[in-house]
């Protein structure tokens, strides 16, 4: 079975990470995987490429000699020729991708972005099946676009060309139901990560410094500044000993560093590889946080990483986060309820104080975290995807 897994571009986000981890796991299971970055020009650093298995064929059409030539030329042609030349560029790029699909004998296309859903649904080919994995892009577009009729029309057109949809959160299912997408053409599959750990519960003792860690992009809606404020407030009001580690980069990083980097108990760690993240969580962290108000939040990879390392999580009730933290009726952390998608800093302070005042809670929830992680093992996720792809392939035969 030949499978194409495609993303819009390497933005170093959760959707891209989920796609890469799935591609790697499928390749290791003996599947033939091609990985497509549809719009390479939209991102620059591309740190996540190093995570992609070396045996996987990475296709970046914007770097193809002919496509790249037309891409550069579209900025040089006179204004009155630009629309025609832009259409020519997109035609050449589409032709390049079609040739790749034919050469690689692709049967299944697994898309991880609304732009790749849109691109491949327009092809409307009977030679492959299009499987869309939802990550919150549709909900975000609905929120950001004031023209509801236009968005509805776009979604309806895309869904007509998508053969199957994989979702993770209830809000994805609600979106599909609102467009009357057939339920029998949907599946719920959690993200998975490949992580072998030693179960050693995290412990914290009164009087020691409580170390808090957050791993995410430094963007609006991920709660970085709110967490910094809560940490500073607790340190100032109650003389609590706290250390906050912020791992990741993004457009807000420089602003936050300029404002808070001179404060000794706030540490900006920058970008870290997956291995470095796990090392930091295992050896330098008591509890973790993700105070997300992000509209597109569904199933954050960072929370799966927290659970894998047995770390209690302070998180908002956004997307599928509450069920991520749940195991057998117990929570591997503290859920903070959002009001009109807004975060109350006092609620964050109260959550942190619970761990400061009750050290045993850290150890108890650490055990719950290990158990909650079991549903995110890569073997489960990749097995469900393989079964789905097999069933769809049989339909094509």
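At a glance:
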| read-out | value |
| --- | --- |
| Whichever residue in the range 260-275 is surrounded by 13 or more Cβ atoms within 10 Å (Cβ to Cβ) and in a helix (DSSP H, G or I) and, among such residues, is farthest from the chain's Cα centre (by Cα) | 260 |
| Scope the range 140-165; condition part of a helix (DSSP H, G or I), touching a residue at least 60 places away in the same chain (Cβ under 8 Å) and surrounded by 15 or more Cβ atoms within 10 Å (Cβ to Cβ); matching residues | 140 |
| Test: residue in the range 340-351 that is assigned to a helix (DSSP H, G or I) and farther than 28 Å from residue 229 by Cβ | no |
| Residue 307 being within 18 Å of residue 213 (Cβ to Cβ), in a helix (DSSP H, G or I) and over 21 Å from the mean Cα position of the chain (by Cα) | no |
| So residue 184, is it modelled with pLDDT of 90 or more, more than 18 Å from the chain's Cα centre (by Cα), not assigned by TED's automatic domain parsing to the domain that holds residue 345 and not in a strand (DSSP E or B) | yes |
| Top-ranked residue of the range 334-350 - restricted to ones that are touching a helix residue (DSSP H, G or I) at 6+ places or on another chain (Cβ under 6 Å) and closer than 19 Å to residue 286 by Cα, ranked as surrounded by the most Cβ atoms within 10 Å (Cβ to Cβ) | 348 |
| Test: residue 252 is under 17 Å from residue 282 (Cα atoms), without any contact (Cβ under 8 Å) to a residue 40 or more places away in the chain and touching a helix residue (DSSP H, G or I) at 6+ places or on another chain (Cβ under 8 Å) | no |
| Single residue of 145, 64, 110, 105 found to be modelled with pLDDT of 95 or more and either closer than 22 Å to residue 7 by Cβ or in contact with a helix residue (DSSP H, G or I) (Cβ under 6 Å, 6 or more places away or on another chain) (or both) | 110 |
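The values are calculated or read from the model by the stated rules, or taken from the named source; none is laboratory data. Note that the structure is a prediction, hence the values are computed from the model and not measured. Glycine also receives a Cβ, built like all others from the backbone with ideal geometry; neighbour counts cover every protein chain displayed.
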